[in-house]
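Scroll down for the structure; my scribbles are underneath it.
The values are calculated or read from the model by the stated rules, or taken from the named source; none is laboratory data. Keep in mind it's a predicted model, so treat the numbers as computed, not measured. For neighbour counting, all protein chains shown are included, and Cβ atoms are generated from backbone atoms with ideal geometry for every residue, glycine included.
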């Protein structure tokens, strides 16, 4: 199962826990005539909150590892997702402090809870919801663009050992987390063995030319992060390494 798909499913579970938290809070504080045992609802709410935090930390770990390994600049969608996530962390910490320490502010807890729920909806929608939508819940692979479409200037593939060595080092620091250079096995992304010797690139289905490979780095198709910050020489070195696979 692809990591992005697993992370998306877990994020949907996070959203389900959010709805449970809201339901229990509304039942405890929003009804004059109680339908359920209040003490049981409070216990469910607390246990649900602990599970939400643990799941949040688990998903955040994969996100942080991915960022550290790829060192990629986030897309606008990923940036919004990160802002939502940081806001959720801050508000949860504030809510816990009001419940356990600064109880004179306890009346603010309900408003914070509703804000966390709304932010959770935005956070999940910008990540897992988006991924599941474009892949039709993981049943579709990423479709290709118009064959032959490229915005890159002609690239002359380097064949000297220094360029290949630099390209391999760049690949290992920025690409290895998601791709296997020496096989066609799909991990987070497809393997790259023979990538420039095949007719088409594995994801975009564009012709497997150095120009299209470089364009994939700078303007990635779908889930791959952007490496637009790489200098032209660095991109050329990566292409030189890919040409040896």
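Overview of results
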{"read-out": "Of all residues making up the range 179-201, the number that are over 23 Å from residue 231 (Cβ atoms) and under 20 Å from the mean Cα position of the chain (by Cα)", "value": "6"}
{"read-out": "Complete set of residues in the range 225-245 that are surrounded by fewer than 22 Cβ atoms within 10 Å (Cβ to Cβ) and outside any helix (DSSP H, G or I)", "value": "225, 226, 228, 229, 230, 231, 243, 244, 245"}
{"read-out": "Pairs with Cβ under 9 Å, 6+ apart, first in the range 169-183 and within 16 Å of residue 4 (Cα to Cα), second modelled with pLDDT of 90 or more and outside any loop (DSSP other than H, G, I, E, B)", "value": "175/238; 179/171"}
{"read-out": "Verdict on residue 80 being in the same structural domain as residue 18 (by TED's automatic domain parsing), under 30 Å from residue 218 (Cα atoms) and surrounded by 14 or more Cβ atoms within 10 Å (Cβ to Cβ)", "value": "yes"}
{"read-out": "Output for the range 117-156, where each listed residue is modelled with pLDDT under 85, in a helix (DSSP H, G or I) and surrounded by 15 or more Cβ atoms within 10 Å (Cβ to Cβ)", "value": "130, 131, 132"}
{"read-out": "Search result, residues across the range 191-201 that are without any contact (Cβ under 8 Å) to a residue 24 or more places away in the chain and surrounded by 19 or more Cβ atoms within 10 Å (Cβ to Cβ)", "value": "201"}
{"read-out": "Out of 53, 20, 38, 59, sole residue that is closer than 30 Å to residue 230 by Cα and touching a helix residue (DSSP H, G or I) at 6+ places or on another chain (Cβ under 9 Å)", "value": "59"}
{"read-out": "Residue satisfying condition, being outside the structural domain of residue 230 (by TED's automatic domain parsing), modelled with pLDDT under 90 and in a helix (DSSP H, G or I), within set 56, 66", "value": "66"}
{"read-out": "Failed item in (1) more than 22 Å from residue 127 (Cβ to Cβ); (2) over 17 Å from the mean Cα position of the chain (by Cα); (3) in a loop (DSSP other than H, G, I, E, B), with residue 176 passing the rest", "value": "(2)"}
{"read-out": "Total residues in the range 157-176, condition crowded, with 17+ Cβ neighbours inside 10 Å and over 16 Å from residue 232 (Cα atoms)", "value": "1"}
